[in-house]
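I have placed the structure first, in the form of C-alpha cells, so that the comments after it can refer back to it.
Just so it is clear, none of the values below were taken in a lab; they were calculated from the coordinates. Computed from a prediction, not measured in an experiment: that's the story for all the values here. With ideal geometry, Cβ positions are generated from the backbone for all residues, glycine too; neighbour counts draw on all protein chains shown.
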Amino acid sequence: MFSRILTYIIFYLFIFTSAKANFDVMARTAILQDFYSGEILYEKEPDRSIYPASMTKIMTSIIAFELIKSGDLSLEEKFIISEKAWRLSTAGYSSMFVMVGDNVSVENLLKGIIVASGNDACIALAEGIAGTEEEFAIMMTSKAKEIGMENTNFSNSSGINDPDNYSTVRDILIMSNYLIKTHPKFYEYFAEMEFTWDRTGGDPITQGNRNPLLYKNIGADGIKTGYLAVEKYSLASSIDKNGRRLIAVCSGFDTKKDRSKQSTKILTYGLTNFDLVKITESNKVISELDVWLGQKDKVGVYTKKDIFKTIKKARKNRLKVSVNYNGPVEAPIKKDQIIAKLKLVYEDELIGEFDLHANEEVKKLNVFSRLIKSLNYLIWGDV
C-alpha cells in the first residue's frame, strides 16, 4: 500500500477587478460573510459589544418559528393584547398599533414585528407565548447560547434600550444564518415590502418595510434594521444574487442615509471582489479509487455536504483540489466508510480538509481469487 494523490481539479482565477486594499465602511463595527462557504470576507471590530436595537426582533421571530415548526404554536392562533403592549404603541416607538383587548393572530403579529418593526407586537407575541416578556427573554437568551451566540444577552423582545440587552455583529450574523438556514419559508416574511393592519377603531394602517435595501435593485431579501440613540443606526442585511448569498451586519452608522449607502457598499464589495467556487455536491461521486483484493476494482467517494470556497479576485490565484488516500484501498469496504481525504490548497497553503466516504460496499474476494490476484500482482504488477 502507498499514498496516492489525485489532483482532479485546478482552478485558475485571473484578475477581473482590483480589490480595494483599504476597504472600509462608515460603521463602528461590521462583518460580511459568504453564506454558502461560511467565510468571513470583511470584519471591523466584530466582537465589540453593541445594543442590537430592533435586530433583537430576529430572535423574537425565531422563537415563534421554532414553536410553529414543533407544532406547539400555529399562525392562526390568537393572542389578547395587554395594556403593556398597547402602551408601547403610544409611547413613540415603532408600532403595529394594536389596541387593548384585540385578538390578534400570530401571523399578523409576526408581520407586525418583521415588516412594521412593531414593539407592541413583540410584547404581545412574547406574552402570548411565555406569559411575560421577562420569561420570553429567557427563552431568547437560551436559544442564542444554543446556536453559538456567545456574547449576547436578551432582556426584552423588541430591543428597546436596556444595558442588559446586548450582542455583537458577529452574534447577529450567527443568528441571521440560523434563521435563513433553519426557517427558509418564514424568512420570506423579511422580504415583504409592506404590511396592512386592519386595526380596531380606525382605518387600516399600511406600513412599508423599514429595510432600505429592499427598495434597491441589488437582490436584497432581508433582514432587519435597528436604531437606538446610544447605538445610532444598524442593519443586518442579506442579498441573494447570481447564485450567491451574502450577509452583512453593521452597527453605529451616524445617519439613515449612511446605513443604506454603506450597507449597499459592503455587500457590493463582497459580490465584485470575490468568487464563489463549488467544489463538491453532497452525496455525488467525485472520484473513483483503486481497490485491493475486492470484488470490485474501483469504489466511488463522495462528501456528505456541499463544499464551497470563496476566492478573492484581486490577484492571480490557484486553487488545487486533491483526493488523498493510502491505496489501493483494501477490501472489505463498508458503505459510507471514510477512506480518503479531500484537500484544498490555495496559494500553496492548506485551507480545507474533508472526509471522503465510500459510496457502496465492496466485499473481499474469496481465498482462491485473492491468491490469483496476489500472484498477478507479484508477476505483472497489476492491482
Tell me which lysines have Cα within less than 18 Å of LYS78's Cα, excluding those fewer than 8 residues away on the same chain? LYS69, LYS111
Max mean-square fluctuation residue, GNM over the chain, Cα-Cα springs under 10 Å, options VAL323, VAL362, VAL249: VAL362
Sort VAL321, VAL104 so the one with the fewest other Cβ atoms within 10 Å of its own Cβ comes first. VAL321, VAL104
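Could you work out the Rg to Rh ratio of segment 52-142, with Rh taken as the Kirkwood radius (inverse of the mean 1/r over all Cα pairs)?
For segment 52-142, the value is 0.93.
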Compare ALA85, ALA340, ALA30 in a GNM of the chain, Cα atoms joined below 10 Å, and give the one with the largest fluctuation. ALA340
When we measure straight from the Cα of LYS305, which lysines land under 16 angstrom away, once same-chain ones fewer than 8 places off are left out? LYS181, LYS278, LYS284, LYS341, LYS343
Please report THR303, THR168, THR90 as a ranked list, fewest other C-beta atoms within 10 angstrom at the top and most at the bottom. THR90, THR303, THR168
Across all directions of projection, what mean area in square nanometres is found for the Cα convex hull of segment 259-334? 7.4
For ILE50, what residues show an amide H to amide H distance below 5 Å, using hydrogens built from the backbone and excluding near sequence neighbours? SER167, THR168
Largest-first semi-axes in Å of the equivalent ellipsoid built from the Cα gyration tensor of segment 128-244 are 24, 22, 15
Helix-only mean residue ellipticity at 222 nm for the chain, each DSSP H run of n ≥ 4 adding -39500 (n - 2.57), per residue, nearest 500: -8500 deg cm²/dmol
Rank-order 213-219, 265-271 by packing density, defined as the average count of other C-beta atoms within 10 Å over each peptide's residues, highest first. 265-271, 213-219
Of the DSSP H helices in the chain, those whose Cα atoms cover at least 15 Å axially and whose Kyte score averages 0.5 or more: 57-70, 119-130, 169-182, 367-380
If I model a spin label at ASP254 and VAL285 as a point 7 Å from the Cα along the Cα→Cβ vector, what separation in nanometres do I get? 6.2
Hydrodynamic radius by Kirkwood, which averages 1/r over all alpha carbon pairs of segment 217-261, in angstrom: 11.1
Identify which of GLY159, GLY92, GLY131 has the largest mean-square fluctuation in a Gaussian network model of the chain, with springs joining Cα atoms closer than 10 Å. GLY92
Per 10 Å bin, what is the whole-percent P(r) computed from every C-alpha pair distance within segment 29-253? 8, 37, 38, 15, 2, 0
Over 27 Å between Cα atoms: which of LYS256/LYS312; LYS304/LYS334; LYS256/LYS313 fall into that group? LYS256/LYS312; LYS256/LYS313
For the chain, state the average projected area of the convex hull of the C-alpha atoms over all orientations, rounded to one decimal in nm². 23.1
Check the straight Cα-Cα distances from LYS309 and name the aspartates and glutamates below 19 Å, setting aside those fewer than 8 residues away within the same chain. ASP34, GLU39, GLU43, ASP240, ASP275, GLU281, GLU347, ASP348, GLU349, GLU353, ASP355
